[in-house]
1. Go through Gly64, Val223, Phe156 and say which Cα lies farthest out towards the positive end of the charge dipole of the chain; charges sit on Cβ, +1 for Lys and Arg, -1 for Asp and Glu.
2. Could you give the C-alpha radius of gyration of segment 1-154 expressed as a fraction of 2.2 N^0.38 Å, taking N as the number of residues it contains?
3. Rounded to two decimals, what is the ratio between the C-alpha radius of gyration of segment 203-291 and 2.2 N^0.38 Å?
4. Based only on Cα atoms, what mean projected area does the convex hull of segment 176-252 have, in nm²?
5. Could you tell me whether segment 115-171 comes out rounded, prolate or oblate from its Cα gyration tensor? Rule is a ≥ b ≥ c as square roots of the eigenvalues, rounded for a/c under 1.5, then prolate if a/b exceeds b/c, otherwise oblate.
6. Assuming a ≥ b ≥ c are the square roots of the Cα gyration tensor eigenvalues, decide whether the chain counts as rounded (a/c under 1.5), prolate (otherwise, with a/b larger than b/c) or oblate.
7. Any idea what the dipole of segment 122-228 comes to, in debye rounded to 20, about its Cα centre with Lys/Arg Cβ at +1 and Asp/Glu Cβ at -1?
8. Kindly rank 271-279, 226-234, 189-197, 259-267 from highest to lowest mean number of other beta carbons found within 10 Å of each residue.
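Quick note: the coordinates plus some simple rules give every number you see, no bench work behind them. Predicted model only: the values in this text are computed from it and were never measured. With ideal geometry, Cβ positions are generated from the backbone for all residues, glycine too; neighbour counts draw on all protein chains shown.
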Amino acid sequence: MTIELQIEGTADYICDYTFNFYWHNNNLKPDSTVPGQNGTTFTYQDIVNELKAGGDVSITGNVGKNFAYSLGADIKHLEGSGEIEKAGRVFIDGNVGAEAGMGMVAGTLYIKGNIEYPLGNIIELVSDVQDYRKFRSITDILCNGKGNDELITNEFNESERTLILKDGVPRGTVAARCPCNSKIVIEGDAYNGTGMLARKATVIVNGNAGMNTGSHLNGGTVVVHGEVGEFAGAYMKDGKLIFLNAKGFIGAGMEGGAIYSKHKAKTSPPAAKSRMKGDDSKLMRELMDAGRVESMLYNKYEPEEEKQKYVEVHMRDGSIVMRKID
């Protein structure tokens, strides 16, 4: 089955699997009709349901922000499993806004018009449809292979599940939700959200990385041979995040895992500095090419157990008693 629609102007949130999140007090209303349609009345929900069923969606017109956002993810916030599921194909006969495919983990995009950078978790392949450029999720290729597809500029070693991104294209959420043992090397800088929700992948950035690097990391490893932006390691559940320096605060709301920084970093609760051990130094030598002495000088941060809160109580005799707060 195929959904076909024509859009006048530009429509946002098309094929966005997170479309009914509340964001800045705005409800995106999945049952609302996609604006600007000519002769059809499809809703955001209709389009996502078609893709979840493995169908095709064909759009003539331009799509803007949040295009194909988390495509292929069974979103937990929407009472899903959080796992990856199959998704259909999307054909866009028009232009596509920046950050297309952020968090995308399945499905295929065919795009005829211009595409703004940065991209999301997608990579271009030699197209099998005339006049269209073809994109698949990086996570999909890492775990399921490239099949008959051929990468453009970049390299993928299927037997070792190692992807080398050397095309210089800025990408965000690289290896999002990746559940398989794999490795991604980014030759240059990375955009925001590198390794988001990754479980097993190792992402190596031979440059700097943007905001939310390692956010929600869930067992994977993110290595940045440079600087990371604000909110690195936010809401980490498990895994390792390693970098040379951080622009802003790190570890906000982290539940598990460890963050390593060559330079001291500012932390947000519950992240706190912890003691480097022999295994930690060994890891720095392996992943950061650090010498023996240098590896011992890295700073390690982990979630700190919530401290019992006390309040000062001044007694009549002038003494002070610390009383627990329930």
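1. Of the candidates, Val223 comes out farthest on the positive side.
2. Dividing the Cα Rg of segment 1-154 by 2.2 N^0.38 Å gives 0.97.
3. Rg over 2.2 N^0.38 Å, computed on Cα atoms: 0.95.
4. Projected over every direction and averaged, the Cα hull of segment 176-252 covers 3.8 nm².
5. Working: a/c = 1.81, a/b = 1.21, b/c = 1.50.
Verdict is oblate for segment 115-171.
6. Oblate.
7. Magnitude of the dipole: close to 420 debye.
8. Working: 271-279: 13.4, 226-234: 23.6, 189-197: 27.3, 259-267: 19.1.
So the peptides 271-279, 226-234, 189-197, 259-267, ranked by packing, come out 189-197, 226-234, 259-267, 271-279.
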